[in-house]
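What follows is calculated from the coordinates using simple rules that are stated; it is not laboratory data. Just so we're clear, the structure is a prediction, and the values are computed from it rather than from any experiment. Neighbour counts run over all protein chains shown; Cβ positions are idealised from the backbone, glycine included.
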Amino acid sequence: MPATAPDTAFPAPHGSARVHEPRRPDCPWCGSARLRTRLRTGDLRRHRPGLFTVDECRDCGHTFQNPRLTPEGLAFYRRAVRGAPRDPATERVLALHAVRHRRRATARAMLPFGEPESWLDVGTGLARFPDTAREFFPYTAFDGTDLTPRVERARELGRIEEAHVGPLADPGVLARLAGRYDVVSLLHHLERTTDPRAELHAALDALRPGGHLLIETLDPRCAYAALFGRWWLPYDQPRRLHLLPRRNLREELEARGCEIVTAGHRAAHVPHDLAGLTALALSHALPAPDTPWRAIPPSAAEQRLRTALLRAGTPLVIAAAMADLALSPLARHTPLANSYRVIARKPKR
C-alpha cells in the first residue's frame with residue numbers, strides 16, 4: 001500500500017528515525033547508565049510491523065521502551081487502522097481492566113475521604129470510570145483529560161463536565177486546571193505517557209492543598225513478567241512506554257511533601273496473566289492474520305482456518321481465565337500481583 005499521506009502511511013522498519021527516537025544510554029527516571037535489556041518483541045496483540053526493546057535500570061528498577069517511539073510512531077501504533085486484525089480472545093482479556101465491578105472498587109477506595117467537590121480523571125478515554133464513580137459521589141463535578149478526542153465524546157455523553165485533549169503536563173492544559181481539584185486519578189495512565197514524572201507532577205499541581213492523588217499502575221516486578229517474558233500481556237508493546245516500581249513512585253511523592261495514605265497490590269491486581277499468555281500464544285501459533293501491511297495476503301482458506309482455530313481455542317483461554325480467578329486471592333498477596341494502588345495526600349501548605 002503506498003504511503004501517500006501522513007494519516008495512511010505505515011511505519012518504516014525498526015530503527016527508522018521516523019518511527020524511533022535515538023536509543024538513550026541512561027535511565028529516564030534516575031539517570032543511571034546501568035541498563036539491561038529485559039525483552040525484545042514485536043506487536044503481539046495487533047500484529048503491526050516493527051521490533052521493540054524494553055530496558056530495565058539495574059539501580060532503580062524503572063522499566064521503559066528503549067528506543068522510544070517518536071510521536072508519529074506512537075500515533076500509528078495507538079490508532080485504529082481499517083482492516084487491522086483483532087483477536088476477540090485477547091481483547092476480552094484486556095477488557096478485565098475496565099469491567100464495571102473493578103471501576104466500582106476503585107471508586108469505593110476514596111469513600112473514607114469524604115465527597116470531593118471536584119475530581120479530575122487523567123487519561124479518562126470515554127470517561128467510563130467517572131460515570132461509575134458518580135454512583136458513590138453524586139454531587140462531585142468530574143472532569144477529564146485524554147491524549148485522544150475520545151474525551152470530548154465523553155463530555156457529549158454527559159459523563160464529565162469539562163474535557164481537555166492532551167497530556168496533563170502540557171502547559172496549556174495545566175494552566176487551565178492547576179489547583180482546581182480535590183481528587184486527581186491516574187488509573188493505568190502513567191505507563192502510557194512519554195514522561196511519567198512530568199505527568200505525576202502535573203497531577204499534584206492540579207490538586208488543591210490537602211487534596212488526594214489516586215494512582216493505579218502496573219508493577220514491573222511482577223513475577224509473571226519474569227516468567228512469561230514478552231508473552232506477559234501487560235507489556236503491550238509498543239503502546240506502554242514506562243513501568244514504575246512502587247518504591248520509585250512512593251519516593252517521588254514523598255519528595256514533593258505528600259503523605260502516602262495507602263499503598264499496596266491487594267486491591268489493584270487484575271487476574272488476567274494466564275489468560276493473556278494463552279490468548280497471545282494461541283494467536284501466534286496459528287496461521288498469520290490478514291493485515292493491511294502484508295505484501296502477500298493469506299489465502300481465503302488460510303483465513304478461514306485461522307478463524308476456525310481461534311474459535312476452537314477459546315475454551316483454553318476460558319480455562320486459563322478461570323485459573324487466574326482461582327489464583328487471584330493468593331496472587332494479590334505475593335509477587336504475582338501485577339498492579340498496585342497508591343493514594344497520596346498533597347500537603348496543605
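Annotations for the structure displayed:
- The chain - percent relative contact order, Cα under 8 Å, separation 6 or more: 18 percent
- Amide H partners (placed H, <5 Å) of His62, local residues excluded: Cys57
- Among Ala320, Ala301, Ala268, residue whose mean-square fluctuation peaks in a GNM of the chain (springs only between Cα atoms under 10 Å): Ala301
- Test item: Cα-centred dipole of the range 117-223, Lys/Arg +1 and Asp/Glu -1 on Cβ, debye: 60 debye
- Solution diffusion estimate, µm²/s, Stokes-Einstein, the range 202-337, Kirkwood Rh from C-alpha pairs, 20 °C, viscosity 1.002 mPa s: 119 µm²/s
- Isolated Cys in the chain, by beta carbon distance under 4.7 Å: Cys222, Cys258
- Once the Kirkwood radius over Cα pairs is known for the range 180-265, the Stokes-Einstein relation at 20 °C and 1.002 mPa s delivers a diffusion coefficient of 154 µm²/s.
- Mean projection of the Cα convex hull over all viewing directions, computed for the chain: 18.0 nm².
- Point-charge dipole on Cβ atoms (K/R +1, D/E -1) for the range 242-301, about Cα centre, debye to 20: 40 debye
- Each peptide in 184-193, 256-265 gets a packing score, the mean of other Cβ atoms within 10 Å over its residues, and the list from highest to lowest is 184-193, 256-265.
- Value in Å of the Kirkwood radius, where the range 249-303 supplies the Cα pairs that are averaged: 16.0 Å
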